[in-house]
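FYI, it's all coordinate maths here, none of it is from the lab. Keep in mind it's a predicted model, so treat the numbers as computed, not measured. Neighbour counts are summed over all protein chains in view; Cβ atoms, including those assigned to glycine, are modelled from backbone coordinates with ideal geometry.
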Amino acid sequence: MTGRAIGVLAVGFLFLLLANLWERQGALITLASQVAMAVPPVPALAALLLMLALLRPLRRLGFDRRQMIAVYCFLTLSVALTSGGAMRFFLPSLTSLFYFATPENNWARFHDYIPEWMAPRGEEVIRTYFEGSEAGLVPWGAWLGPLTIWMLFFLAFFGLLICLALIFRPEWEDSEHLIYPLAELPLMLAGKGGIRITLWRDGLFWTGFILVCAHHTLNIANAFNPGVAALGLRTDLGGLFQEWPLSALLPLQFAYRPFMFGLGYLMPTEMLLSTVFFYLIYLKSIALGAAMLGLMIPGLPFRNEQGGGAFLGVAVILVFAARARIASVFRRLVHSEEGSRALPIATILCALGIVVFWRMAGMNWLILCGFFGLVFAYAIAHARVRAESGFPHNWVRPLPQERDVLVNLLGTERMAMGEGMRSLTLLSSVFYMSRGYLPQLIAFPLEAFKIGREVRIDVRKMAWLMVVAVVLGCAVSWWMHLSTYYQYGANILEGGTTAGGYRVELVRRGYDSLAAWGRGHEGPKRPQAIATIGGFLLVLGLAGARRLFLRFPLHPAGLLIALTEGYNAWGMLLLVWIIKSIVLRVGGMSTYRRMIPLFIGIVVGHYVAAGLVWSLIASFGGEGFDRYPVWF
């Protein structure tokens, strides 16, 4: 390992520790901020800005702009792992089934289905996890064994994600020339290829920066004094639609998300339009039409179920489109002259590692292949949306459809395959995979490869950096969370009272479903299954229409965003679509490019004012400073 690589890891590890302490205080103890959930994570962007501010002294130490970019890429993945959609969701899955078991819920019947090597055991170990211990010491003897085995699983899991990113990368970058808008943000801030930075001297950049700082300043003042006029976080439009059947359009709100607005300017216009169309016209028309016809079907229009089919459809299309690239990668196993065998071998080994892990645990083949097949399919679809649109959100994923698609199509009795509840218990123990966003973190390595290419970092070195980010990200996150849980008790952290915060509540929901299946098998569910199939066919229809008609305006990526984050995104994307359309029509491409610094300034201002300055004040300021929570 070279001195430069050691320097990158040392600086990255230091920032990772600080980020976890920040997340500990803000997301666990005070619930004032969720900076690790941001895309990119706030601590990663803050580290880049700090390194750029210290550029001259760092240069004297031999730390150049390329190494700063490498640290940033390392932090995007390693910091994201500590967030509420990742490892904070994973850890309660190992303990909740034991702690919350009562005679009423009968969870104790499922304890024997969890192998001893998968979770810590011992009544006192589990109790003090949730209630805290007097000394605040972590019983590492009970945790190190299971966590070591889980580290091997997560290495295989993220290794396969990284391999998939490497397989699809040339197809998307070289053949389709995807723009990776989120990769442009750090490159603009640091200067592409080491060229002189001009963004920081642009008046439009500072105009956007000041405008969004003023927005957050007024919001903060309003939180302490309601007499101060401010936009707030959202405007509820429900008051306009109180009469039946218009009330079927609810909920409908206009959310103020500066980072969506700023980065939305870099999104292709057709994706902006498609997202707004599929949310406001398509989904709301289904709800309104059903109400007018008197169809009172719970869950209609089945947004998540349609999303489950749509994401699978996009994954199928992407695999088919890249079939030549996939075949060429695996031909290297027998024809070494076509390239290195490392990628296909690593892909196979990682996949085998996942299979062996869950077969040793006792999961049957149907659930193993079906569940993890959907997990990786949805990950590929999410990565494509990020690469093509740059939509800055980890939650562009159908919740929790990796599990629910199987239940809706097959039913739990068929999924159990006559083995009792073992496989269904194991499926419930990984509820964090389908309700969190661990698989969607594939987008960070993909963007890192794109960023690395721009600053001439070898793709193999970047891939190894991502692997190290997984190991250190998991290890530091586990240390931070466990030390905090055993000091305070998971029951009262993250907004909890006596039964855990939001992540614990979600884990309990997964096990509640398991208990319900134990009382009587569930599914198949015809309406939900039809919605899933409908979403799949709709995506195929959109893809076919775009091949037949050159200027067909609706894009599948817009459908995926609308079905997942459309309720939060439509307002900002509609506004930026109007602005961008006017700019392109009146001033053309040159004016569009000239306006980019304004919108980048909005993004950076949002991260600095809300994500960095106010988040630190709210997290460490004490009681009363959590009135304006910073949740990305």
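Need one word for the stretch 25-137: rounded, prolate or oblate. Basis is the Cα gyration tensor (sqrt eigenvalues a ≥ b ≥ c); a/c below 1.5 gives rounded, then a/b vs b/c decides.
Working: a/c = 3.10, a/b = 2.85, b/c = 1.09.
Prolate, because a/c is 1.5 or more and a/b exceeds b/c.
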Packing rank of 56-65, 511-520, 298-307, where each peptide gets the mean count of other beta carbons within 10 Å, highest leading: 298-307, 511-520, 56-65
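I want to check a number: in the stretch 3-631, how many lysine pairs have alpha carbons closer than 30 Å, given a sequence separation of 8 or more or different chains? Please report the intermediate quantities before stating the final value.
Working: Lys192/Lys450; Lys192/Lys461; Lys192/Lys580; Lys284/Lys525; Lys284/Lys580; Lys450/Lys461; Lys450/Lys580.
Pairs that pass both the separation and distance tests number 7.
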Of the residues Asn222, Ile149, Leu166, the Cα lying farthest along the dipole of the chain towards its positive end, which is defined by charges on the beta carbon of Lys, Arg, Asp and Glu, belongs to Leu166
On average, how much area does the Cα convex hull of the stretch 280-424 cover when viewed from any direction, in nm²? 12.1
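If you average 1/r across every pair of different Cα atoms in the stretch 352-511 and take the reciprocal, what Kirkwood value do you get, in Å? Could you put the intermediate results ahead of the total?
Working: mean 1/r = 0.0555 Å⁻¹.
By the Kirkwood definition, the hydrodynamic radius is 18.0 Å.
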Run through every distinct alpha carbon pair of the stretch 234-308 and return the Kirkwood hydrodynamic radius in angstroms, one decimal place. 14.0
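Take peptides 181-189, 395-403, 37-45, 104-112 and line them up by average Cβ neighbours within 10 Å, highest first, as a rough protection proxy.
Values: 181-189: 21.3, 395-403: 24.2, 37-45: 26.9, 104-112: 14.3.
Put in order of decreasing packing, that is 37-45, 395-403, 181-189, 104-112.
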Could you give each residue of the stretch 297-309 its phi-based ³J(HN,Hα) in whole Hz, using Karplus coefficients 6.51, -1.76, 1.60 with θ = phi - 60°, and x for Gly or Pro? 9, x, x, 4, x, 6, 4, 5, 5, 4, x, x, x
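Based on the mean of other beta carbon atoms within 10 Å per residue, what is the order of 73-86, 489-502, most packed first? Walk me through the intermediate numbers first.
Working: 73-86: 27.6, 489-502: 18.6.
Taking the mean over residues of other Cβ atoms within 10 Å, the ranking is 73-86, 489-502.
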Orientation-averaged projected area, Cα convex hull of the stretch 3-631 (nm²): 30.2
Non-local amide H neighbours of Arg234 (under 5 Å, H modeled in plane, Pro and chain starts lacking H): which ones? Tyr256
Shape box of the stretch 199-325 [Cα atoms, principal axes, largest first, Å]: 53, 48, 22
Relative contact order (percent, whole number), the chain, Cα cutoff 8 Å, 6+ residue spacing: 32
For the stretch 429-469, what is the largest minus smallest coordinate of the Cα atoms on each principal axis, given in angstrom and ordered from greatest to least? 41, 16, 10
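Helix-only estimate, please: 222 nm mean residue ellipticity of the chain, summing -39500 (n - 2.57) across DSSP H runs of length 4 or more and dividing by its residues, to the nearest 500. Write down the numbers at each step before the final one.
Working: 27 runs with 403 residues, N = 632.
Mean residue ellipticity, 222 nm, calculated: -21000 deg cm²/dmol.
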Amide H neighbours of Val630 under 5 Å, counting only residues 5+ apart in sequence or on other chains, H built in-plane at 1.01 Å? Ser33, Gln34
Karplus 3J(HN,Hα) series, Hz, for the stretch 25-31 with 6.51 cos²θ - 1.76 cosθ + 1.60 (x for Gly, Pro): 6, x, 9, 9, 7, 9, 6
With a/c under 1.5 counting as rounded, go ahead and sort the stretch 504-569 into rounded, prolate or oblate using the C-alpha gyration tensor (a ≥ b ≥ c being the square roots of the eigenvalues; past the cut-off, prolate if a/b is larger than b/c, else oblate). oblate
Gyration tensor (alpha-carbon) shape descriptor, the stretch 502-632, a/c threshold 1.5: oblate
